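The values are calculated or read from the model by the stated rules, or taken from the named source; none is laboratory data. Only a predicted model underlies this, so the values are computations on that prediction, with no experimental measurement involved. Cβ: placed from backbone, ideal geometry, glycine included. Neighbour counts: every protein chain shown.
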Amino acid sequence: MAKVGIVIVSHSPKVAEGAADMVRQMVGEEVPLAWTGGNPAGGLGTSYEAISEAIRKAWSEAGVAILVDLGGAETNSEMAVEMLPAERRARVVVCNAPIVEGAVMAATESAGGSSLERVRAVAEELSAN
Amino acid sequence: MTSPGGGTGLDAGRTRKLIADVARSVIDAADELTALDAAIGDGDHGENMKRGFEAILADLDALSAMPAPELCRAIGAKLLSTVGGASGALYGSFFLALAKSLPVEPSRASAAAAFGDAVDAVRARGKSDFGEKTMLDVLIPVQRIFATGGDVVAIRQAARKAAEATIPILATRGRASFLGERSIGHMDPGARSSALMIDAICAQFGEE
């Protein structure tokens, strides 16, 4: 059964890659995973195009959960989701969760075969308190 | 874009000048925008916007030949892919929405309506509204004046004043909101870049 893909979007490529390493340590290759960080010029920031590419890489029929850090990462990720073909759009969510913990929790949940809804809920519980 | 004075009346030569003037006004202000952003954000607004508008200048020949909706779509796509960060997505959304609503030969009324749709797209993208120390603090009053028949002089003045009016506001959106009270006393860089673009557009349409 397809597992929910995870996309990590940070302003810093190092943060994104580091978070992705932590996810891999937990779930290995079981879960589709992609990360991106940095603006279109390679500095700190986020890039709409790089996020769109990361969603393609981590694509799964079960959907994709995106974990973001600061404002621009969220705004650009939401933009990338809206520009997806209609049949994919409804299966990608931007989680309101801390990026590192959220990515690890979401991936662990995904590895267990949970739905996109459940994966998102588990990640977002981290922001509930 | 269409003339706030009514009718489109833009040939390729004037379209070219309009695009170039808007781009240069943003590029020339890059240091100022960066300084504003350094005070209350991450200090990259000037560089990001400069990169976006340099990409537009590099494509000036092709852009100048496009009809208004296609031009707005191309500008939106360019800003979205080159600016990065929240401002790339916000300005990208603005121009993409403008492209969707603008007819090939816009009247003043249809241009004002399209501008309104574009402002709504920024509202939705930024989950924000007037009075939160963002570019919307400039775009919303400009839209109101544009829609109710104000001339270019009134629009320019309103844009400038509106950007200045963000100085005493407490930021509740974006990176500036992390600063809380310390965000007070600084002009919002997005409001400033919006005002700059509107000023350059109005200057073009005022030249008759």
**OP:** Please work out which residue is farthest from the chain's Cα centre (by Cα), limiting yourself to segment B:35-60 and to residues that are under 16 Å from B:Asp21 (Cα atoms) and in contact (Cβ under 8 Å) with a residue 40 or more places away in the chain.
**Re:** B:Leu60
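In this structure, does B:Gly149 turn out to be part of a loop (DSSP other than H, G, I, E, B), of a type outside the set (Val, Ile, Thr) and closer than 22 Å to B:Gly43 by Cα? Walk me through how you get there before you give the answer.
Values: part of a loop (DSSP other than H, G, I, E, B): yes; of a type outside the set (Val, Ile, Thr): yes; closer than 22 Å to B:Gly43 by Cα: no.
No; evaluated as a whole, the condition is false for this residue.
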Original post:
Given the conditions (1) closer than 30 Å to A:Ser12 by Cα; (2) within 14 Å of chain A (Cβ to nearest Cβ); (3) more than 15 Å from the chain's Cα centre (by Cα), which single one is not true for B:Asp129?
Top reply: (2)
Subject >> Which listed residue is at pLDDT below 95 and of a type outside the set (S, T, N, Q), from A:Gly5, A:Gly63, A:Gly71 >> reply: A:Gly71
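Among helices (runs of 4 or more DSSP H) lying entirely in segment A:44-129, which contain 2 or more residues that are more than 11 Å from chain B (Cβ to nearest Cβ), in contact with a Leu (Cβ under 8 Å, 6 or more places away or on another chain) and under 13 Å from A:Pro32 (Cα atoms)? Let's see the steps before the verdict.
On the way: elements: A:48-57, A:71-82, A:86-89, A:99-111, A:116-125.
Hits in segment A:44-129: A:99-111.
Please enumerate the residues belonging to segment A:1-32 that are assigned to a loop (DSSP other than H, G, I, E, B) and more than 23 Å from A:Gly71 (Cβ to Cβ).
So the first thing to find is which residues in segment A:1-32 are assigned to a loop (DSSP other than H, G, I, E, B), and the list is A:1-4, A:11-12, A:28-32.
Answer for segment A:1-32, where residues must be assigned to a loop (DSSP other than H, G, I, E, B) and more than 23 Å from A:Gly71 (Cβ to Cβ): A:Met1, A:Ala2, A:Lys3, A:Val4, A:Gly28, A:Glu29, A:Glu30, A:Val31, A:Pro32.
Based on what the data block shows, is B:Ala111 within 12 Å of A:Thr75 (Cα to Cα), in a helix (DSSP H, G or I) and over 14 Å from the mean Cα position of the chain (by Cα)? Reasoning before the result, please.
Values: within 12 Å of A:Thr75 (Cα to Cα): no; in a helix (DSSP H, G or I): yes; over 14 Å from the mean Cα position of the chain (by Cα): yes.
No; evaluated as a whole, the condition is false for this residue.
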Subject >> Some residue of segment B:79-94 being of a type in the set (Ser, Thr, Tyr) and under 21 Å from B:Thr148 (Cβ atoms) >> reply: no
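Considering only residues that are hydrophobic (A, V, I, L, M, F, W, C) and more than 12 Å from A:Leu67 (Cβ to Cβ), look in segment A:110-121 and name the one that is surrounded by the most Cβ atoms within 10 Å (Cβ to Cβ).
Of the residues in segment A:110-121, the ones hydrophobic (A, V, I, L, M, F, W, C) are A:111, A:116, A:119, A:121.
Still in the list and also more than 12 Å from A:Leu67 (Cβ to Cβ): A:111, A:116, A:121.
Numbers: A:Ala111: 18, A:Leu116: 21, A:Ala121: 16.
So, considering only residues that are hydrophobic (A, V, I, L, M, F, W, C) and more than 12 Å from A:Leu67 (Cβ to Cβ), the one surrounded by the most Cβ atoms within 10 Å (Cβ to Cβ) is A:Leu116.
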